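K.L.:
This is the structure I want to talk about, given as structure tokens.
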Amino acid sequence: MTSPIVEIKGDIDTDDLNPFTMILPQDGHDNDATPQQQQQQLHFLQSINSNVVIRQLPSEGLSFQLWPAATVLVTLLDNTRSGESTPFSELFKRQEKGVSLPLRILELGSGTGVVGIAAAAILGAKVTVTDLPHVLPNIQFNVDANSHVLEQQSGGVDVKALSWGDNQHMEAVGRDYDLILGSDVVYHDHLYDPLINTLRFFLLGGGKKIAFVMAHLRRWKKESAFFKRAKKLFDVQIIHTEPPPDGSRIGVVVYLFTGKR
């Protein structure tokens, strides 16, 4: 499975091709990156015949870059809307039955916001994207950059701070969601417990049963500690395995987390 992605580095003149450059703010600290420091990528969403454009700021850290697991989730959502059978097909069945329209989705560790933005556009969903406070300006920038396609598809994206395990943040975000998404969120081992506590809050803390769909590219053996702890609280199953890309031994795996019955 591949996703049509075009990378546009900052030192290329794309004004005639990409309206994204026309809305670059002229001031503000979060937008001070030089053309060499920022990269833009176009994700073509075949199901809605539209592009989503995402600004990356690689020099700012991991949260400001696009990663393979995010692309896999975007492509699965796009393929589902196009009529293919994917792990997300059940969502569309629920939509067709008129259950909970529009879908309400929460994304954890949103990074650039690409998954949440794409989900809102593809599904016409109301999505809350979350990350640490210092990451939010770039996410909001990307949301604003895609406001036209979101409006066309009746999707909406809300940007909120969520430090995992922070009760005040979690209460502010609320529990009123149909689905939770995440990609490449199992990374730093010191965040395993805060992430599990966050999942406990959203998956086990309310009266409504919801699921967490997580795309993950395994990098270290230590990540097994996260899954071992998670399986004490949640039913965890693999729902999709992506073939390894050329030159790699492993591909992205998509997991489904639900509260234990």
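K.L.:
Filter segment 212-239 for residues that are assigned to a strand (DSSP E or B) and closer than 24 Å to HIS188 by Cβ; which is farthest from the chain's Cα centre (by Cα)?
P.N.:
Checked segment 212-239; the qualifying residue farthest from the chain's Cα centre (by Cα) is PHE234.
K.L.:
So, one more: Quickly run through segment 53-87 and pick out the residues that are out of contact with any Phe, Trp or Tyr (no Cβ under 8 Å at 6 or more places or on another chain), touching a residue at least 24 places away in the same chain (Cβ under 8 Å) and either outside any helix (DSSP H, G or I) or among the aromatic types (Phe, Trp, Tyr) (or both).
P.N.:
Those that are out of contact with any Phe, Trp or Tyr (no Cβ under 8 Å at 6 or more places or on another chain), touching a residue at least 24 places away in the same chain (Cβ under 8 Å) and either outside any helix (DSSP H, G or I) or among the aromatic types (Phe, Trp, Tyr) (or both): ILE54, PHE64, GLN65, LEU66, TRP67, SER82, THR86, PRO87.
Results for (1) more than 22 Å from ILE117 (Cβ to Cβ); (2) hydroxyl-bearing (Ser, Thr, Tyr); (3) touching a His at 6+ places or on another chain (Cβ under 8 Å); (4) at pLDDT below 95, shown as yes or no for each residue.
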residue: HIS169; (1), (2), (3), (4): no, no, no, no
residue: LEU179; (1), (2), (3), (4): no, no, no, yes
residue: ASP189; (1), (2), (3), (4): yes, no, no, yes
residue: ASN197; (1), (2), (3), (4): yes, no, no, no
residue: GLY206; (1), (2), (3), (4): yes, no, no, yes
residue: ILE210; (1), (2), (3), (4): no, no, no, yes
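K.L.:
Let me ask something additional. List the residue pairs whose Cβ atoms are under 6 Å apart, where the first residue sits in segment 157-171 and is more than 10 Å from PHE201 (Cα to Cα) and of a type in the set (Val, Ile, Thr), the second is at pLDDT 95 or above and surrounded by fewer than 18 Cβ atoms within 10 Å (Cβ to Cβ), and the two are 6 or more positions apart or on different chains.
P.N.:
Going by the 6 Å Cβ cut-off, the qualifying pairs are VAL159/GLN140.
K.L.:
Within segment 34-63, which residues are surrounded by fewer than 22 Cβ atoms within 10 Å (Cβ to Cβ) and under 13 Å from the mean Cα position of the chain (by Cα)?
P.N.:
Once the filter is applied, which keeps residues that are surrounded by fewer than 22 Cβ atoms within 10 Å (Cβ to Cβ) and under 13 Å from the mean Cα position of the chain (by Cα), segment 34-63 yields only SER63.
K.L.:
Same structure again: Are there any pairs with C-beta distances below 6 angstrom linking a residue in segment 204-227 that is under 24 Å from MET170 (Cα atoms) to a residue that is surrounded by 14 or more Cβ atoms within 10 Å (Cβ to Cβ) and of a type in the set (Lys, Arg), with the two at least 6 apart or on different chains, and if so which?
P.N.:
Qualifying pairs under 6 Å: GLY206/ARG175.
K.L.:
Where in segment 88-185 are the helices (runs of 4 or more DSSP H), entirely inside, with at least 1 residues that are open to solvent by less than 10 Å² (accessible area, probe 1.4 Å) and closer than 19 Å to VAL254 by Cα?
P.N.:
Helices (runs of 4 or more DSSP H) meeting the threshold: 114-123.
K.L.:
Can you find a residue in segment 215-233 that is more than 25 Å from GLU90 (Cα to Cα), modelled with pLDDT of 95 or more and not charged (D, E, K, R)?
P.N.:
no
The values are calculated or read from the model by the stated rules, or taken from the named source; none is laboratory data. Since this is a predicted model, take the numbers as computed values, not measurements. Positions of Cβ are generated from backbone atoms using ideal geometry, with glycine treated the same way; all protein chains shown enter the neighbour counts. The protein model used for the area step is the full one, side chains on, heavy atoms only, and it has no ligands, DNA or RNA in it. Shrake-Rupley method; radii C 1.70, N 1.55, O 1.52, S 1.80 Å.
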